[in-house]
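Everything below concerns the one structure shown next.
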Amino acid sequence: MVLVLFGLGAFIALQMALTSSARGFCDKALATDMRDIPNHYAAPGVFFVAVRPVPTTAKPEGAENLTDGEKAEQVLGFVGLEYQSDKSSKAAEVRRLVVGAKHRRHGVASRLMLEVIKHGETIRGLQTIKLGVSQYQPAARKLYEKLGWERDGQSEAWYGIINVYIARYSRPVKSKSKK
């Protein structure tokens, strides 16, 4: 009985730690780049949002704020390409690839990533696009590898009591007509 109670207590403590870690990650994102998307992902960086029109029969939340001529859209996902414009930088980083749970496995992430790559090819002097993905995201790793990203390292990050391994990937930028 004591072991059962101890096990249950340990499980609850771990669950609370995981929830706290996830909340901390989200809070940090909302306090940094996601707080000011237009400035953080300013040109030559970019922030793409995949949307689709909402059927006219549906009344989405917030539709009452639409002005004449505006159509309601549903966000499917988004991704940012962060580029620090100091003269020594030859790399940009993919940040915040997110696809809503209902829209996964429909090619949304692939299309967003292909747009990021295409945009990266327009940035003068950019040689590499990088990204990081945790061990808890095997589908994302598979997607990146399918799209030609090469794993080139690993780092660790602590989120509360959770140690997360981040696989680092990169992809060379093919020169096209540069702006």
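The values are calculated or read from the model by the stated rules, or taken from the named source; none is laboratory data. The structure displayed is predicted, hence computed values, not measured ones. Note that we place each Cβ from the backbone using ideal geometry, even for glycine, and neighbour counts take in every protein chain shown.
A few comments on the model shown:
- Enumeration of residues in segment 99-121 that are surrounded by fewer than 15 Cβ atoms within 10 Å (Cβ to Cβ) and either polar (S, T, N, Q) or part of a strand (DSSP E or B) (or both): S110
- Residue pairs meeting the criteria (Cβ under 7 Å; at least 6 apart or on separate chains; first in the same structural domain as G80 (by TED's automatic domain parsing) and in a loop (DSSP other than H, G, I, E, B), in segment 122-141; second of a type in the set (D, E) and crowded, with 16+ Cβ neighbours inside 10 Å): none
- Among the residues of segment 142-161, just one is surrounded by fewer than 15 Cβ atoms within 10 Å (Cβ to Cβ) and touching a residue at least 40 places away in the same chain (Cβ under 8 Å), namely I161.
- Beta carbons closer than 8 Å, at least 6 apart along the sequence or on distinct chains, pair a first residue in segment 31-55 that is within 16 Å of G100 (Cα to Cα) with a second that is of a type in the set (D, E, K, R) for F48/E115; A50/R111; V51/E73; R52/E73; P53/K71; P53/E73; V54/K71; V54/E73.
- In this entry, V164 passes the filter for residues that are farther than 17 Å from P44 by Cα and either not β-branched (V, I, T) or not in a loop (DSSP other than H, G, I, E, B) (or both).
- L126 modelled with pLDDT of 95 or more, crowded, with 18+ Cβ neighbours inside 10 Å and not acidic (D, E): no
- Residue ID - nearest to V94 (Cα to Cα), chosen from residues in segment 155-170 that are modelled with pLDDT under 95 and out of contact with any helix residue (DSSP H, G or I) (no Cβ under 7 Å at 6 or more places or on another chain): I166
Yes/no matrix, rows are residues, columns are (1) of a type in the set (K, R); (2) over 15 Å from the mean Cα position of the chain (by Cα):
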{"position": "H103", "(1), (2)": "no, no"}
{"position": "R124", "(1), (2)": "yes, yes"}
{"position": "Q127", "(1), (2)": "no, yes"}
{"position": "V133", "(1), (2)": "no, no"}
{"position": "G148", "(1), (2)": "no, yes"}
{"position": "A157", "(1), (2)": "no, yes"}
{"position": "N163", "(1), (2)": "no, yes"}
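- Unmet criterion (only one of (1) at pLDDT below 95; (2) more than 30 Å from Q15 (Cβ to Cβ)) for E150: (1)
Per-residue answers, yes or no, for (1) outside any loop (DSSP other than H, G, I, E, B); (2) at pLDDT 90 or above; (3) under 24 Å from V133 (Cβ atoms):
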{"position": "C26", "(1), (2), (3)": "yes, no, yes"}
{"position": "N39", "(1), (2), (3)": "yes, no, no"}
{"position": "K59", "(1), (2), (3)": "no, no, no"}
{"position": "G77", "(1), (2), (3)": "yes, yes, yes"}
{"position": "K87", "(1), (2), (3)": "no, no, no"}
